[in-house]
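Beneath this line is the structure, given in structure tokens, with notes to follow.
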Amino acid sequence: MPSSNNTMLKQEPIALDIQHLNVYFGEGHEKFRAVKDVSISVAAGGSYGLVGESGSGKSTVLRAVSGLVPSWDGTVAVNGEPISKKREMSYCRTIQMVFQDPYASLHPRHSIDRTLSEPLRLHKFDNIDDRVNQALVDVGLGRSFRFRYPHQLSGGQRQRVAIARALMLEPDILLLDEPTSALDVSVQAEILNLLSDIRKTRQLTYILVTHDLAVVAHMCDEIAVMSHGEIVEVMDVETMRDSKPQHEYTRELLEASEGYQPEA
Amino acid sequence: MSKALLEVEDLWVRFASKKRVVEAVRGISFSVGRERVGIVGESGSGKSMTGRSILRLIRHPGQVEAKKIHFDGQDLQALSEKEMRDVRGHKISLVMQDPKFSLNPVMKVGDQISEAYRVHTNASKTEAKERSIEMLNAVQIRNPERVYDSYPHEVSGGMGQRIMIAMMLIPEPDLLIADEPTSALDVTVQRRVLQIMDKLVQERGMGLIFISHDLNLVASFCDRVIIMYGGRIVETCRADELQNAKHPYTRGLLNALPDIHKPKDQLSVLERDPKWIEDPSVDAFL
Amino acid sequence: MSIDTTSHDQGFKGWLTSESPESRFHAQMVQLYAGWQSLVANRLAFLGFMIIVLLVLVAIFAPLLATHDPSIQNLKTTLLPPFTGGHILGTDDSGRDIWSRIIYGSRITLFIVALVAFTAPVFGLLVGTVSGYLGGWVDTVLMRITDIFLAFPRLVLALAFVSALGAGIENAILAISLTAWPPYARIARAETLTIRNSDYIAAIQLQGAGRLRIILGHIWPMCMSSLIVRVTLDMAGIILTAAGLGFLGLGAQPPSPEWGAMISSGRQFIHDHWWIATMPGLAIFIVSLGFNLLGDGLRDILDPKKAQS
Ligand SMILES: Nc1ncnc2c1ncn2[C@@H]1O[C@H](COP(=O)(O)OP(=O)(O)OP(=O)(O)O)[C@@H](O)[C@H]1O
Ligand SMILES: Nc1ncnc2c1ncn2[C@@H]1O[C@H](COP(=O)(O)OP(=O)(O)OP(=O)(O)O)[C@@H](O)[C@H]1O
Ligand SMILES: [Mg+2]
Ligand SMILES: [Mg+2]
């Protein structure tokens, strides 16, 4: 029910508030608006799903929030404080991101140890050794993986390392860009379970981008549907389960996720 | 049913190094007609190696051995490397996993597609460009002109995959091996891309080997399913009967899927039985 | 999942080939050993490697290997052919022992190679990666400068530098380094362009790493392999350029036993006393071959595509 949901949202402070976000690529007459007037707010401890067609700008939203895309306007507030274009070091300890492709997101020539300890060194943490070992245990890998290189790991193991890396700086908010789409179903189940557990134990806030409606339904409380760079519908997970979405595109999405149907 | 387009018997793929021999595919036999055959299985079960070995695309130090690999009555093992190059892309196309790795990062997307077209036909440059844009349109890319002039890092993951598909379909092959062609696509685009492939199977009698780990998709899209584990075929069945599969491995995969309508706290994780490795391979002929 | 039939080694070898190293040092050793093994497996590369090791050993133990003092002139024994009067490779027009001069000359060659190998590629790498990573006007400016340097033939440019700076071995090295870096900058920039958009760079940016750290710690390691290959292959050319400058009288000055200068001084006697020019020529040939073989082999060994799987 939307009303009960709203009262629940009011109790929690807003962790991430995005208002009227536009993101641009290119310059001059080739300038192209990839994200159009997107507004999202996520309660602390919540899990927000972002679904939509390929190329609709889901990753771009996450990249703009994390500061990887410079050319955007609108306001982004984290824990009530608007953030500036120039990111401060402390921002890294609030928001981290997990990328889609575990084969491309780990430096091929750095050992797992280096990948995990570098952020700690950058932010002058103490007890680096213990923290790295603990992080590996937390994501279910164990210490024996510490000095291996990415090419010695399977896709699922790499994604666990990527999650561990994102958690090294103890952020409050985790941006997950299709964290399981490169993994097979049995590994996907393991990673999704891991992400759920971590969220519970660390009280994290998630924004999860995916194109798999079953995955958002499993992981998220609220879901926004994007198409052509715009959010066309926001709904809670019950509405989606009951197949009662308002927008036509969302219905199409739900229908298509039931399996393949030949052309009508 | 028409007779088999591709027949493979007792296929082995081995990677030998000084220290050890890795057997990626262990003596599988199957055939593909003018139909949609799905290969599913977990990561590392040998799906890609099976697809690549047919086109002799296994990199050193991998070795392929088979009693028989016949395509359209032609013995592929007997062909020279030059004749093989003619088969590749022209008669059998392979959409590789990892579009970002398969595309040349410093060459414009459009030039890569046109080149793929021009290698097999003697089309002029403008004609190739027209066909390429048409094909990009067909795989549901909005703004094909803009994408035509982009570099691979400027397109999203899903667009990259569709670009690869466009590139492989443009020479109109008789057999398409699609290695997880839609893993980065959202469901609506995925459906349209599958419809294109479906149409080619129905109308032109193309054969399709569809490698995927999306069981629901394979169950609804393909005619037959081959389930691989540890380099062997553990089970094969008609796609619409996949839900009733018997092998505990297939059951485990089915149970690991989240379901929109059946929310649960934890997903069940596959428990592997060491005995599965030893089970003999099941033949998957038409 | 697939089937491995691994033979588990014990002891030190097992430690060196361990799949799960226990410390940073152990991990480095395992990497080094794997590299060593692929070097040994590639016969020609290993031969090249052995030639270079030999060069280093000869340079270190020059006083022990030389039979005579390389610079003492002896007018009684001028122009002796090989294997006469205790001179293995004969003597030159001033009566100096050629064998001993070549042995001592290896020190100069090594000095040139080491200095050029540590300046030009590092500078080229810096220019190329900074240019590729930062982009924009930095890229434009740096690449135009690179283009200007690339527009001149290397020897001609080196000649111009040396004549401006004055003849001498140090200036020759400086001139060679100044002319050798642009191709490295080009390679490094091309590699950087493909690396800088990758997710692992995005990840470290998100963790607050500065530009310099990203360039040095994350982009450099990815450019290294192609650069090492290129430098090794170029070494032969650099030795030849140094020899060329020596030959023209602009490099090492007599009586220093630089190989190029030796050929130059032997040139006038080439018809009657072939050995004077030929022996240092052979030395240059062997060392250049060594670097080329090693470079070729390294290309196979360091190929990142191979390292992937
Ligand atoms: N660096 C870039 N330069 C130019 N255009 C870009 C760049 N990155 C993304 N785009 C464009 O922005 C649009 C949105 O891309 P984005 O990667 O956000 O899509 P997405 O929703 O994440 O899709 P997918 O599900 O396929 O990953 C696309 O049209 C893409 O071409
Ligand atoms: N160069 C290689 N050397 C040794 N083993 C290899 C090599 N390439 C692949 N393999 C092994 O072959 C096996 C089969 O790999 P394959 O790529 O076919 O798996 P897959 O079923 O396609 O998995 P995925 O779903 O991850 O794509 C793997 O266990 C892998 O470790
Ligand atoms: Mg994306
Ligand atoms: Mg595969």
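Scanning the stretch A:92-128 for residues being without any contact (Cβ under 8 Å) to a residue 60 or more places away in the chain, open to solvent by 10 Å² or more (accessible area, probe 1.4 Å) and more than 8 Å from chain C (Cβ to nearest Cβ) gives a total of 8. In the stretch B:192-238, counting only strands (runs of 3 or more DSSP E) that sit wholly within it, none holds 3 or more residues that are open to solvent by 10 Å² or more (accessible area, probe 1.4 Å), touching a strand residue (DSSP E or B) at 6+ places or on another chain (Cβ under 9 Å) and hydrophobic (A, V, I, L, M, F, W, C).
This table checks each residue for (1) part of a loop (DSSP other than H, G, I, E, B); (2) hydrophobic (A, V, I, L, M, F, W, C); (3) open to solvent by 30 Å² or more (accessible area, probe 1.4 Å); (4) at pLDDT 95 or above.
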site: C:141; (1), (2), (3), (4): no, yes, yes, yes
site: C:164; (1), (2), (3), (4): no, yes, yes, no
site: C:177; (1), (2), (3), (4): no, no, no, no
site: C:186; (1), (2), (3), (4): no, no, yes, no
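The listed residues are A:66, A:84, A:71, and the only one of them that is closer than 17 Å to residue A:176 by Cβ and either open to solvent by less than 40 Å² (accessible area, probe 1.4 Å) or away from ligand 2 (no atom under 16 Å from the Cβ) (or both) turns out to be A:66. Within the stretch C:112-124, the set of residues being hydrophobic (A, V, I, L, M, F, W, C) and touching a residue at least 12 places away in the same chain (Cβ under 8 Å) comprises C:112, C:113, C:115, C:116, C:117, C:120, C:123. Based on this model, can you work out whether residue B:179 counts as touching a residue at least 12 places away in the same chain (Cβ under 8 Å) and within 11 Å of chain A (Cβ to nearest Cβ)? So residue B:179 fails the test.
Residue-level check: of (1) within 16 Å of ligand 1 (Cβ to nearest atom); (2) surrounded by fewer than 24 Cβ atoms within 10 Å (Cβ to Cβ), residue B:166 misses just (2).
Considering only residues in the stretch A:221-263 that are modelled with pLDDT of 85 or more and at positive phi, the one that is surrounded by the most Cβ atoms within 10 Å (Cβ to Cβ) turns out to be A:229. Only one of the numbered conditions (1) open to solvent by less than 20 Å² (accessible area, probe 1.4 Å); (2) out of contact with any strand residue (DSSP E or B) (no Cβ under 6 Å at 6 or more places or on another chain); (3) polar (S, T, N, Q) is violated by residue A:56, and that is (2).
Within the stretch B:239-281, the set of residues being facing chain A (nearest Cβ under 8 Å) and not in a loop (DSSP other than H, G, I, E, B) comprises B:252, B:253. If the condition is being within 12 Å of another protein chain (Cβ to nearest Cβ) and among the basic types (Lys, Arg), then the stretch B:93-118 contributes only B:100. Can you give me the number of residues within the stretch B:144-180 that are of a type in the set (A, V, I, L, M, F, W, C) and within 16 Å of ligand 2 (Cβ to nearest atom)? Residues in the stretch B:144-180 being of a type in the set (A, V, I, L, M, F, W, C) and within 16 Å of ligand 2 (Cβ to nearest atom): 3 in total. Of the residues making up the stretch A:212-264, those that are out of contact with any Leu (no Cβ under 7 Å at 6 or more places or on another chain), under 27 Å from residue B:255 (Cα atoms) and among the polar types (S, T, N, Q) are A:239, A:250, A:261.
Residues satisfying the criterion are absent from the stretch B:74-86 (criterion: within 16 Å of ligand 4 (Cβ to nearest atom), within 23 Å of residue B:26 (Cα to Cα) and open to solvent by less than 50 Å² (accessible area, probe 1.4 Å)).
The values are calculated or read from the model by the stated rules, or taken from the named source; none is laboratory data. As the structure is a computational prediction, the values presented were derived from the model and not from experiment. Virtual Cβ from ideal backbone geometry, glycine too; neighbours counted across all protein chains shown. The area values use the complete protein model at the heavy-atom level, side chains included, leaving out ligands, DNA and RNA. Shrake-Rupley method; radii C 1.70, N 1.55, O 1.52, S 1.80 Å.
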